[in-house]
Each structure stands twice: as C-alpha cells, then as structure tokens.
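Q: Have a look at this one.
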Amino acid sequence: MHHFEYRNDTLFCEAVSVAAIAETVGTPFYLYSQATLERHFTQFDRAFDGIDHLVCYSAKANTNQAILTLFNRMGSGLDIVSGGELYRGLRAGFAPEKIVYSGVGKRIDEIDAALARGILMFNIESQQELELINARAGQLNTTAPVAIRVNPDVDPKTHPYISTGLKQNKFGIDIRTARDAYRAAQALDHVDVVGIDCHIGSQITDTQPFADALQSLKALVTALKDDGIVIKYIDMGGGLGITYQDEAPPALNTYAATISATLKKMPVKLILEPGRVIVGNAGVLVTRVLFIKPGPVKNFVIVDAGMNDLMRPTLYHAYHHVQPIIRKTAGKDEAFVADVVGPICESGDFLAQDRKMPPFEPGDLMALMSAGAYGFTMASNYCSRLKPAEVMVHGERFEVVSRRQDYETLVQNERVPAWMDA
C-alpha cells in the first residue's frame, strides 16, 4: 500500500499534487511519501510482536538523511555495508549499539571506525576478515562483537544478481565449514562471538526459502552450543519482495509467522534487515517527456531521466510501472506501445520497454513507480549528468531533502595536476 493516488485525474503524493512539486523543483526528481514510510516500518515491526527482535533498516536501499532520521526516531536499528553508511547512520542519530556492519570487503579504516564507535556486531564474511578484525581490535585495545555470515546454499528464486545464499555466491562462509570457523573465532583473543548471520537474497516472494535457511541456522546453533559457543543473535537479513508488476509477495504477518514458527522458542534475539519492503513503494521517480520518436520497429518516448538516474531497468531488466502525472480524457483510446528512454548515449539507456501507455506528448510529466529502493542510491554522474533532487511529502507539505546537483559541485573535487599549470 502507498500514498500515491489520483485526484481529479492528477497524481497526488499524500495531499500534494505531484505536478505542483515538479513546477517548483524541476525534473527529474525522486519523491517520497513519509506516511508510506511510517506505515511500512510500523507494520513490519509489529508483525514480529511477541518475538524478541530488532529491526535494522538496510541503509543501502535508500540512505537519504531524512529517511534515516525518520526510521531512527521510530526505533529502528541500522544495517550498513560501508564506512559511508556508518557515517550517515551516526549523523542521522542511530545509536552505535543498534548498528550491524555487513559486507564482504571492509577496509581497515572502516573497521577501525566501527570499533571505535562500539557497534552491535560485525557480520564476518571470511576467515581473513575475521583475523583482520581480531588484529584491529587488539591494536585498539578493544573487543569486536562478531557474527559469522553463513551461506546455507538456499535458492531464493530471485534474479541471479540479487541472489546471495547459494554456494556459488561470494557471500558468507559455507554452512558445512561454518562450525570450524566459529571454533577458530572462539579461540581469538579480541573477538566476542555473539551471533550468526544469514542473508539469502533480495526481492524474494516465497516464505519457504527463509524457513529453509533458518532451519539450517538452528541446527548450527545447537551444534555450537555443544562447542561451548552461545549464540545471542540470529540475523536473518532482509530480502522480502514487493509488488512492481504482478509479483505476489507474502503478507508481512505471513512472513513473520513463518519465521516465528521455524524459530520456535529458541532463546535468541532475532535481527531483521528490511530495506526494499519498507522504502520501495514509498518513492517514485518523476520525469518530463522531451520528445516522441516513432520508428519502423519501435516507438520511443524520450524523457529527461536516464539510466544514470534509475539504473535498475538496465541492470536487472527491472519493471517500474509508468504512470502519467496528469491523466488525459481526450485521446485516451490512442494508447500506443513504446520504450521509455533517456538522453544517455547507450542503447541500454531505458526505463521501460515495450509498454502500452497513454499518448504522451512533449512536456507531459511521467512517474516511474516503486522507485524508492535502489533508485537514488545507484544514481551516477555518467555523461556528466547532474544527480536529481529528492523530495519528501508529509501531509500537505513537501520539502527538498536533497538538492539537485549543480555544475559547480559536479567538478568541485577534481583538480588539474600542478605540472599542467607550469
């Protein structure tokens, strides 16, 4: 459910006309509904009532400070995968003891910063990473709380680029050797083994892979107890899907009930890392039509947003529903099939392909729906295009929460080497 709906044929975000926002801030821009963000987070958290748990929002889905600050104030923890996300999270007010650090390639400076802040735990992805974190903790005269990310070889039945729990994926330690990894961790002087972590993928629309993965983790927890290793936290990651087109993901209560029934009364704290399911349908990308270009094989609607603004269609062939900001009654029977493409000099620069859509004209506004997750966070300056603005709506109010980049900031970190000035 989201708070984007038509009123008298004009698309509104909560109580604000999207067309009015576009006239104020220009296009393209990302638009977020605070009411949707709040609703989705609250429903997710409440689905696990009765279970000792901590929801750690997955920052990589959308790291805007307004969104992070909102979730922090709602009681969320944070799942991070970089030093930059640690910085953003701390700046947004997250308590370090509610931050979990995941990711396969942590640098020394990032490890040191997290150790200095006293985060909840590191999710360890390899034996060498474990040894490095132990060494850095010793150097800093502290102890690193760790969980080992276990790869359970469970097929999440999702796009191969966002599948992370199969044995051919780069993530985690194979579950068949994980017990040895835990024994090695337990023997180290500067780590404290506190948890077990598992994340099998993203945009998952079936609860069974979660149940299968959790069963494997429970068996490992039992085996570790025999080794004198007591697990306090089971981190099940995130990955629950949303509806982009015709997907039918399970209801949050069904998802929570599956995990609860599998976990049963095991005396651990459950950590969950939702991202897309919280922010995905809470945001849209608004763009303006530049040209209509008929062709002998394909028709094209050329807009002012491109693959640099929304990478998902190019990267994953992902679907985002196309909606006009203002629905036209005249000519509504003149729908045509076309690709929505941007200004980038790449044939892969498309936002939608082979879509039946209303008769757009130059100047019309268009919304790419369900763009709140992995939209702006993947945006780039390819072709020296400026990153778009981000806007948040709250009731009848809206505010720019990230200004559109300008040409001065585009080059502000670049320097001409001294020898060229000689």
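Q: Could you tell me the calculated FRET efficiency between THR142 and THR10, based on Cβ-Cβ distance and R0 = 41 angstrom, to the nearest 0.05? Write down the numbers at each step before the final one.
A: Values: r = 56 Å, r/R0 = 1.37.
It comes out at approximately 0.15.
Q: The range 107-122 to the range 366-422: how many Å between their Cα centroids?
A: Cα centroid to Cα centroid, the span is 28 Å.
Q: Explain nothing, just the number: relative contact order of the range 312-375, from Cα pairs under 8 Å at least 6 residues apart, as a whole percent.
A: 44
Q: State the Cα centre-to-centre distance between the range 281-328 and the range 237-251 in whole Å.
A: Computed from Cα coordinates, the inter-centre distance equals 22 Å.
Q: In whole angstrom, and with the biggest value first, how far do the Cα coordinates of the range 274-345 range along each principal axis?
A: 42, 32, 18
Q: Quote the Stokes-Einstein diffusion coefficient, in whole µm² s⁻¹, for the range 172-243, based on the Kirkwood radius over alpha carbon pairs, a temperature of 25 °C and a viscosity of 0.890 mPa s.
A: 185
Q: Compute for the range 34-277: radius of gyration divided by Kirkwood radius, i.e. Rg/Rh, restricted to C-alpha atoms, rounded to two decimals.
A: 0.94
Q: Counting only C-alpha contacts under 8 Å and six or more residues apart, can you give the relative contact order of the chain as a whole percent?
A: It rounds to 20 percent for the chain.
Q: If you filter the range 233-291 for trypsin sites (Lys or Arg not before Pro), then keep DSSP loop positions with at most 12 other Cβ within 10 Å, what is left? Please report the intermediate quantities before stating the final value.
A: Values: sites: LYS264, LYS265, LYS269, ARG276, ARG288; in loops: LYS264, LYS265.
For trypsin sites (Lys or Arg not before Pro) across the range 233-291 that sit outside H, G, I, E and B with at most 12 neighbouring Cβ atoms in 10 Å, the list reads LYS264, LYS265.
Q: Based on Cβ point charges of +1 for Lys and Arg and -1 for Asp and Glu, what charge dipole magnitude is obtained for the chain about its Cα centre, in debye rounded to the nearest 20?
A: 400
Q: Can you compute 3J(HN,Hα) from phi for each residue in the range 291-300, using the Karplus curve 6.51 cos²θ - 1.76 cosθ + 1.60 with θ = phi - 60°, rounded to whole Hz and x for Gly and Pro?
A: These are the phi-based 3J(HN,Hα) values: 8, 10, 10, x, x, x, 10, 9, 9, 10 Hz.
Q: Turning to a different aspect of this structure: For Cα pairs less than 8 Å apart in space and 6+ apart in sequence, what is the mean separation divided by the residue count of the range 277-340, i.e. the relative contact order in percent?
A: 31
Q: Further question: How far, in nm, would the chain grow between TYR87 and GLU414 when pulled straight, counting 0.36 nm per residue and subtracting the alpha carbon separation?
A: 115.4 nm
Q: Could you pull out the longest piece of the chain with no exposed loop GluC sites (Glu not before Pro) in it, calling a site exposed if DSSP puts it outside H, G, I, E, B and it has at most 16 other Cβ atoms within 10 Å?
A: Here the longest segment lacking exposed loop sites spans 1-246.
Q: Can I ask one more? For the chain, with a Gaussian network of springs between Cα atoms less than 10 Å apart, report the residue from ASP339, ASP212, ASP109 with the top mean-square fluctuation.
A: ASP109
Q: Next question. If you average 1/r over all unlike Cα pairs in the range 1-53 and invert the result, what Kirkwood radius do you get in angstrom?
A: 13.0
Q: Sticking with this one: What does the charge count near LEU130 come to, summing +1 for each Lys or Arg and -1 for each Asp or Glu among other residues with Cβ under 13 Å from its Cβ? Working shown, then result.
A: On the way: positive: LYS106, ARG136, ARG149, ARG183; negative: GLU125, GLU129, GLU131, ASP180, ASP189, ASP192, ASP197.
Around LEU130, the charge tally is -3.
Q: What per residue convex hull volume, in Å³, comes out for the chain when only alpha-carbon positions are used?
A: On the way: hull volume 70.3 nm³, N = 422.
Convex hull volume per residue, Cα atoms: 167 Å³.
Quick note: the coordinates plus some simple rules give every number you see, no bench work behind them. Quick caveat: nothing in here was measured; it's all calculated off a predicted structure. Here Cβ is always computed from backbone atoms with ideal geometry, including for glycine, and neighbour counts include all displayed protein chains.
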